[in-house]
Amino acid sequence: MSNMKRRNAPHNLQNLQQNLNPIITIDESNGESLFMIVDFSIPKWNHVRRIISKRLANRNITAVIYSGTPGPDRTLTEKINILQMTDAPEDKFWKAYQVLEALYKAAGGTVEIRNYDGKSIHEAATLMKRLDHAKVWMGEECDRIDL
């Protein structure tokens, strides 16, 4: 019996979710799409509060809000204070955003909004890579690093 790794083994979505334990997933086949990513930060404090949101097929928003320390690839390490907003009307999402924005701006903080509404995951990933918003691996890069 060989100890070689099976490179082209099929991955099913449920197994990937269990292995990777993502804080949010987007299933385009069900009409979901990435909505926006927002970072809130205060200068000279190496800590970020991030909102990652998706638009559901019914036009409502599901979002995850968490805090952490940004790494070199712009992901947040040690995600803490994880809160979820599930299947909420868009106006409720914007009210929550406005509260956080007011708090951070009152403290002299900055807000960085990356709007991906209306883009496919591939389009959003291409935009993230081009604008250096996140470390993104696509196509052959994934094969090369065995993702």
Under the condition of being in a helix (DSSP H, G or I) and loosely packed, with under 12 Cβ neighbours inside 10 Å, which residue from the range 96-138 is modelled with the lowest pLDDT?
-> Leu131
Tell me which residues, restricted to the range 26-62, are among the polar types (S, T, N, Q) and either in contact with a Lys or Arg (Cβ under 7 Å, 6 or more places away or on another chain) or surrounded by fewer than 16 Cβ atoms within 10 Å (Cβ to Cβ) (or both).
-> Ser29, Asn30, Ser33, Asn46, Asn58, Thr62
Taking the range 69-95 on its own, how many of its residues are under 17 Å from Thr25 (Cβ atoms) and not in a strand (DSSP E or B)?
-> 1
Ile37 vs. criteria closer than 24 Å to Ala125 by Cα, assigned to a loop (DSSP other than H, G, I, E, B), among the β-branched types (Val, Ile, Thr) and at pLDDT below 90 = no
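The values are calculated or read from the model by the stated rules, or taken from the named source; none is laboratory data. Quick caveat: nothing in here was measured; it's all calculated off a predicted structure. Don't worry about glycine lacking a Cβ; one is built from the backbone with ideal geometry, like all the others, and counts go over all protein chains shown.
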